[in-house]
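Just so you know, all these numbers are worked out from the coordinates, no wet-lab data involved. Just so we're clear, the structure is a prediction, and the values are computed from it rather than from any experiment. Ideal geometry is used to build each Cβ from the backbone, glycine not excepted, and the neighbour counts take in all protein chains shown.
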Amino acid sequence: MYLATLLFILTTLVACTPKTPSEGVHVHSLLEANIPHLDPIHSTNKYSSTINSAIFEGLFHYHYLKRPLQIEPSLAASLPEISKDKKIYRIKIKKNVFFQDDPAFANGKGRELEASDFIYSWKRLADPQNKALGWWVFDGLIVGLNQWRADLRKGKADYDTPVLGLKALDKHTLEITLNHPSHHFLHRLAMPITMVVAKEVVDKYGSKIANHPVGTGPFVLKNWIRNSKVELIKNPTYRPALYPSESSEETQGLLKDAGKTLPLADKITIHIFREYQPIWLSFLNGTLDHGVLPKENSDQLLNKEHDIREEFSKKGIRVLTQVRPDVTFISFNMEHPVLGKHKKLRQALAHALDKKTILEKFYNNRGVVAHGPIPPNINGYVAEYSNPYKFDRMKAKRLLRDAGFPNGNGLPTFEYHMPNVSTWSRQFADFVKAQWAEIGVELRLVSNTWPQFDKKLKSKDAAIFDMAWMADYPDGENFLQLYYSQNVSPGPNSANFINRSYDSLYQQSLLLPPGHKRNKLFSKMVEFINDAVPSIFLVHRVVKLPYHAWLENYNESPLIYDYHKYLTIDQGKKNEFLKKLK
Amino acid sequence: MSLIVFLIFHVVGGDPAYQLAGKYASADQVQSLRQELGTDKTLFTQYFVFLGQIVSFNFGNSWQTSQSVLQMIGSAIGPTLSLSLPAFILGFLLSLFISIKSLDSKKSILRGLVPIFCLALMSVSFVAYIIFFQYFLAYKMNLFPINGWDHSLLHRWSYLFLPWIIAILVSLGPNVLLLSSLLSKEMEQDYVITARAKGLSTQRTLWHHILRNSLLPISTAVSLQIPFLITGSLLLEAFFGIPGMGSLLIEAIQSADLPVIKAITVLSTLLYVFVNLITDILYTVFDPKVIIQ
C-alpha cells in the first residue's frame, strides 16, 4: 500500500517534469563507452574519434557512400600533388573555412583556417608533454619531426622552431616531406588524430583544452556530461559542404539528400552507456534513433537467416550490416621457452580448435572464419585463400606427438590470459581450454582487467592470450605489421614474432604501391605467418546495427567517424512509428 | 590504509605508462612516460610522494583526462549524493517504520511474514532488480525514463525516481531484519515489561522507549553505511547513466588512472574515520552514561 502510494507520487512527479521544447531536427545517437577527452591528438578509439569528428576536421576523410573506402578531400581543396619520388606532398587548403566562434579568438569570432594551423596541430601531436596516444601516426615519417620532438624534450626547441618536413608555402598551401615513401600516408591524414586545432584555443585553455574542443567541424559542443551524454548543435559558421551525389551500388538508396547542405541535423545528442540493457530498451522505445544489438537480444530481433523479424520490421526497425575491418585471434608469446620453440605444438593447437563452432557459439554466426590476419574488404584480402588449419583432432594429436609431446606428456600447464573480466571472455576461454584438453594440452585460465592484460602483453608476461585487432586504416599492411620484428612488445607485435625473412617481405611491401604486386607479397606474408603460427586466426566479425526507419542516411561504417553530419530525421515517419512502438 | 592501497595498485594493477603509450608503444616512449609520471622511481619514493599528496590534499591531474582530480570528484559527487542520500534516508525510515509496525502488530502472522519477506528480498541479486524494474517500470509501463541524466536540479529528479525505488527496495531486506532484531531484543528488557504492566500501549512503548534505547546500535549500523553513499552504487549508476563516483572509480580502475583511484580511496577512508568519530560523539547524546575520555 505504502509502496504503491510512493510509486504513484513518483510517477506523477515524472509526468509533471517539464519537457524540452522542439529544437529542429534532433538526432539521438549513442556510444558504448565513456570518452576521457575531446582532443584530436588522443583520438585513438572509435568513441573519441566519433565525437571529435563531429567537432573537428582534417585534410582528408572517407567518402560516406563509396565502398571500398575511398579517400576524398575534407579541408584540403583537392587531392595532393605528390612528387615523383613519392616523398613530397603539396596540399592546397580550402579557403573561407573558419574555426568555430569561441572566446579564445578576437571578439569571440572564429578566424580563418591557415596551412600553419596544421603544422601547429601536428607539432602538438609530437610534443612529448601532451602524451599523445596518436604520435605513432607520424613517428619516423616526416622529415625533422622526430628531431624536433627530441629537441623539445631537451628544451632546445619550441613551437616556433621550424620542422624541415612541414612547410606552409603560403596561407593555403602546405608542403609535407616524408623520410621515405608511404603508400598509406593519405590514410593517416584521414585519421581523426591529425585533425586541426587553433593555437589561440590551446593557449587559452591550456591543460583544460581537452574539455574545450573548438574545431572547424559541422557541430559545436553545447554540453558534455562525462559518463552520460554529449550534446552538439549545428555550427552556424560551418563551411559550405554538400551531401554526396555519388555512391556505390549498395548505398544507392541513400542519395535522397544528395546536394543538400551539411550538416542535415540541428542537434545531435550522443548518449553514453555502460550497459547493454538500457541501450536496447532505449532503442526499442524510440529514445535512441539507432542502437547496438546485444548478443542476448540477437535472436529476439533477427531470424535464423539473420534477417529482421516481421514484428519488428512492421514497427519500422531496420538493420544495417557492418563488415568490420578486424580479426580476432589467439596468440602465443614466441619468447615462451616451450611455445616459442615448437612450431608443431602451435600447429597442433591450431588444428585442435573448432573455428566454425566458435563463430556459431560466440559470434551468433555473424562473421566469417579468418584464415589470416587481413579482413574482407581490405587491400590484400584473398577470399579464396584458406589456411591449412581445419579442425582435425587426429592431425593435432599427430603433430603433438611429432613435437615430442605425445598426448601432451611433458608439456607444462600453460597460462591463458583473458583480456577482461566479462562473462563472454570467461566462456570463450573455457571453450578453448576444453578443446585443447581433448588433445592433452592443459591451460590455467587467468582473468585480467584491461590494464593488467595490457601490462602483461607489453612486458611479454602472457604465454597465450586472445585479442582482436581493428584496422587503423583500410590497408592490409596495418594487419601485417602485427608480426614485424620492429614492433615487438611493448609495440603491437604482442606475439613477439621475429623472423628475418618475414621482415624482409614486409619491408619490400612498404615500397610498393597498392596493387597486384604488393598483394602477392601480402599473400606470401600471410602464408608465412600461417606456417609459423604465432597466432591462430579466428573470426572477421560482422555487426548488425539496428536503427529506426525515421533515421535517414544511416550508414555508420568502421573508419568513417564523421557520419553524424549526414544524418537526419523524417519527423512524420517518427510520429507514425512511435505510436506502433508504444 | 595508504600502504595497502599503494601496494594493491602497484602489485596487481596495470602499468599506467603502458596505458598512456597506447597500442603502438615503443620501449623509449614507455620509459620516458614512466619518468614523467614518476613511476620509474623506487616504490619507497613513490609511496612518500603519495603520502605527501594525502597531507597536502593535492592529488594532481588525472592521467587519463588531464583534469584536476578534485574537480572530477567535485562533478561526480553531486549525482552520487542525489542518488544515494534520498534513497538511504527514505530506505532507512521505511525500514524503521516496517520494523516497528511488525513488532507492534498483534497478529503474529505479520511478525512471521516480515522476516520471510525480507529474506526473499535479500535472496534476489541487485542486478536482477535493476534489469526487472528497468524493463517493466521504465520500458513496458513507460512510468520512468530508462536512462539518462541532467545536471539541472529541476530536470535530474525524473531520472532518479526509479533508481531510488530499487535502492530502497534492496535496502529494505537487511535493514528491516537488523532493526527488527535490535528492537525485539530491547523489547525483552525488564523496563519494557514494567511499562507494559503499567498499561502503556505497545506503540508508545516502541516509539518512546524502545527506539530511544536502541539508538546506540542503530547509529553504529547506520554509520557503517555512510561511506558507501559517497563511493556510489556502481550498478545503479551504470544501468541508469548517472555520472557519479561509482562510474568515475570504475573508469579509473579500467584505465590505471592512479591519481583518481588514490583520491577516491583516501576520501572514502577519511569519511569513514570522520563518520565513526561523529558516531562516537553521538553515543554520548543517545546515552549520557557514555563518557568520551
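Sorted by mean Cβ packing within 10 Å, highest first, what order do the peptides B:57-63, A:216-222, A:252-258, A:179-185 take?
Output ranking for B:57-63, A:216-222, A:252-258, A:179-185: A:216-222, B:57-63, A:179-185, A:252-258.
Would you mind classifying the range A:133-254 by shape? Square roots of the alpha carbon gyration tensor eigenvalues, ordered a ≥ b ≥ c; an a/c under 1.5 is rounded, otherwise it is prolate if a/b is larger than b/c and oblate if not.
Oblate is the answer for the range A:133-254, as a/c is 1.5 or above yet b/c matches or exceeds a/b.
Evaluate the relative contact order of the range A:436-582 (contact order divided by residue number), counting alpha-carbon pairs under 8 angstrom at least 6 apart; express in whole percent.
Value for the range A:436-582: 15 percent.
Grab the other residues whose beta carbon is less than 11 angstrom from that of A:Glu360, score K and R as +1, D and E as -1, and report the net.
On the way: positive: A:Lys355, A:Lys356, A:Lys361, A:Arg366; negative: A:Asp354.
Result for the local shell: +3.
Sequence-distant or interchain residues sharing an amide H contact under 5 Å with A:Leu178, placed H: which?
Those qualifying (amide H under 5 Å, at least 5 residues apart or on another chain) are A:Ile88, A:Tyr89, A:Val143.
In a Debye calculation with equal point scatterers on the alpha-carbon sites of the protein assembly as shown and no solvent, what is log10 I(q)/I(0) at q = 0.09 Å⁻¹?
Results for the protein assembly as shown at q = 0.09 Å⁻¹ read -1.04.
So how far, in whole Å, is the C-alpha centre of the range A:195-237 from the one of the range A:55-132?
Each part reduced to its Cα centre gives a spacing of 16 Å.
Please give the average number of partner chain Cβ atoms lying within 10 Å of the Cβ of each residue in A:220-227, rounded to a whole number.
4
Which whole-number percent is the relative contact order of the range A:92-170 (Cα, under 8 Å, 6+ apart)? Don't skip to the end; give the middle numbers.
Numbers: 71 pairs, mean separation 18.8, N = 79.
It rounds to 24 percent for the range A:92-170.
Cα atoms only: what Rg and Dmax, in Å, come out for the range B:200-293?
Rg and Dmax of the range B:200-293, Cα atoms, are 18.7, 61 Å.
Taking the alpha-carbon centroid of each part, what is the distance from the range B:143-203 to the range A:269-309 in angstrom?
36
Using helices alone, what [θ] at 222 nm do you get for chain B, with -39,500 (n - 2.57) per DSSP H run of 4 or more residues, divided over all residues and rounded to the nearest 500?
Using -39500 (n - 2.57) per qualifying helix, the result is -24000 deg cm²/dmol.
Short version: ³J(HN,Hα) in whole Hz for each residue of the range B:75-81, in order, from phi by Karplus 6.51 cos²θ - 1.76 cosθ + 1.60 (θ = phi - 60°), x for Gly and Pro, what are they?
6, 8, 6, x, x, 5, 5
Can you give me the Cα centroid spacing of the range A:525-582 and the range A:357-379 in angstrom?
16
What does the charge count near A:Thr251 come to, summing +1 for each Lys or Arg and -1 for each Asp or Glu among other residues with Cβ under 10 Å from its Cβ? Each step should come with its number before you reach the end.
Details: positive: A:Lys66, A:Arg67; negative: A:Glu246, A:Glu249, A:Glu250.
Here the charged neighbours net out to -1.
Could you work out the relative contact order of chain A? I mean the mean sequence separation of Cα pairs under 8 Å and 6+ apart, divided by the number of residues, in percent.
RCO, chain A: 18 percent.
Output ³J(HN,Hα) for the range A:141-153: one whole-Hz value per residue in order, computed from phi by the Karplus curve 6.51 cos²θ - 1.76 cosθ + 1.60 with θ = phi - 60°, and x for Gly and Pro.
Using θ = phi - 60°, the values come out as 9, 9, 4, x, 6, 5, 5, 4, 4, 5, 5, 5, 4 Hz.
Apply the Karplus curve 6.51 cos²θ - 1.76 cosθ + 1.60, θ = phi - 60°, to the phi angles in the range A:438-448 and return the couplings in whole Hz, x for Gly and Pro.
Once θ is set to phi - 60°, the couplings for the range A:438-448 become 4, 9, x, 9, 9, 10, 10, 7, 10, 8, 9 Hz.
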